[in-house]
1. Step by step: find N for the chain, compute 2.2 N^0.38 Å, then divide the Cα radius of gyration by it. What's the final number?
2. Kindly provide the helix-only [θ] at 222 nm of the chain, computed as the sum of -39,500 (n - 2.57) over DSSP H runs of four or more divided by all residues, to the nearest 500 deg cm²/dmol?
3. Within the P(r) computed for segment 117-169, what percentage of the Cα pairs occupies the region above 19 Å?
4. What part of the accessible area of segment 66-166, given as a whole %, is carbon or sulfur when the probe is 1.4 angstrom?
5. Within segment 169-213, what whole-number % of the accessible surface is contributed by carbon and sulfur, with the 1.4 Å probe and all protein chains included in the calculation?
6. Go through Phe55, Pro27, Thr188 and say which Cα lies farthest out towards the positive end of the charge dipole of the chain; charges sit on Cβ, +1 for Lys and Arg, -1 for Asp and Glu.
7. Averaged over all directions, how much area does the convex hull of the C-alpha atoms of segment 53-122 cover when projected, in nm²?
8. What's the ranking of 330-336, 213-219, 252-258, 118-124 by average number of surrounding C-beta atoms within 10 Å, highest first?
Amino acid sequence: MAVWASLSGRAEAAPCGPEIYQSLRAPAGQMPEAVRVTCDLDLDPSDVIARKIVFAGEQASGSMLDCHGATIGTADLKSTPRAPTIAIRSVPKGRGEDRIWSAPSDITIRNCTIVGSLRLIGLGPNGEAEAVRRSSLTRDHTRNAQNAAPSGIVLDRLKFQATGGIPLYFGPGVTRTTLRNSRFLGKTAKTAIYLDAESASNDISGNTFAMKSVGRELIAVDGSARNVIANNTFRDPENGGIYVYRNCGEGGTIRHQKPQYNEISGNRFIYKEALTARPAIWLNQRDIGKIFCSTDPKYPFGSSLDSSDQAKHNIVRNNRFEGPWSLRIVNFDDTNRIVGNK
């Protein structure tokens, strides 16, 4: 695949050839369910793609998908953690101790409606994946997870249509990814966005959350650090807006990184009902009712050594709360800076 640098400094892939478009647009059952993309793909606004799209390994770095309003995914295209509607994923090379990971970077996806989910996957699709668990038993886990995960991804002007799962998942170790100018619609029993353990330095700004979440907060910051969550609008987040914590032991995985130095600023929370609403922002949310700590392996580091959330040195400032009064910010640590919220 030919790759060159643009005037903007972004490495660019060559345009996709006709065979990629043919595979994506073929009727259901005539082509494989998933299509790998390592090129720049421009869709027509009228396209409805009933195929999963996969950007795999460093070979996909520099690629761009511009849907121009097209839809990726359909109601009958099942989206799962291991097979989401769109996957940006690392791939292993070698085996055992010689295994290394080929990680994609600098991919842009924009102007798409995504039915189902988009997932960024490094060592595994979530914190309980076997490769993640094994890595977590070493002291260098955070660095290993970040080196093995996608980075520098730009997600711009997307519309997520939830179908029950988590529409956008930042897997363990994902760094420097930006989500902007996007909307979340539909209904889920989970969160809208999950920032999994060891991920860091991601930016979630200028988005609208109008999605119904049954029983969960809309954004989970789980052992993720140095992220910016700013200038977003949350419409009636009755089950919670942004929660910052660190799971301990879930799936037998030690969580190493502490959820610290995150910035939550300039967000707007609009409520319809206050009596049943959960807090909009909650720091150290899992320090009440730890349920997985008993499965945390006994090692002298990370959540195995200290099962508390350790959400410290975060900034929560200039957020606005509209509608009936409700419990808006809960903070269990004095090192967090809570200023200018109204």
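The values are calculated or read from the model by the stated rules, or taken from the named source; none is laboratory data. Just so it is clear, the structure is predicted and the values come from calculations on it, not from any experiment. Don't worry about glycine lacking a Cβ; one is built from the backbone with ideal geometry, like all the others, and counts go over all protein chains shown. Heads up: the accessible areas ignore ligands, DNA and RNA and are worked out on the full protein's heavy atoms, side chains in. Shrake-Rupley method; radii C 1.70, N 1.55, O 1.52, S 1.80 Å.
1. That ratio works out to 0.98.
2. Calculated mean residue ellipticity at 222 nm is -1500 deg cm²/dmol.
3. 38 percent
4. The nonpolar share, carbon plus sulfur, comes to 44 percent.
5. Ligands and nucleic acids excluded, carbon and sulfur give 45 percent.
6. So the residue we want is Thr188.
7. Projected area, direction-averaged: 5.0 nm².
8. Sorting 330-336, 213-219, 252-258, 118-124 by mean packing, highest first, produces 118-124, 252-258, 213-219, 330-336.
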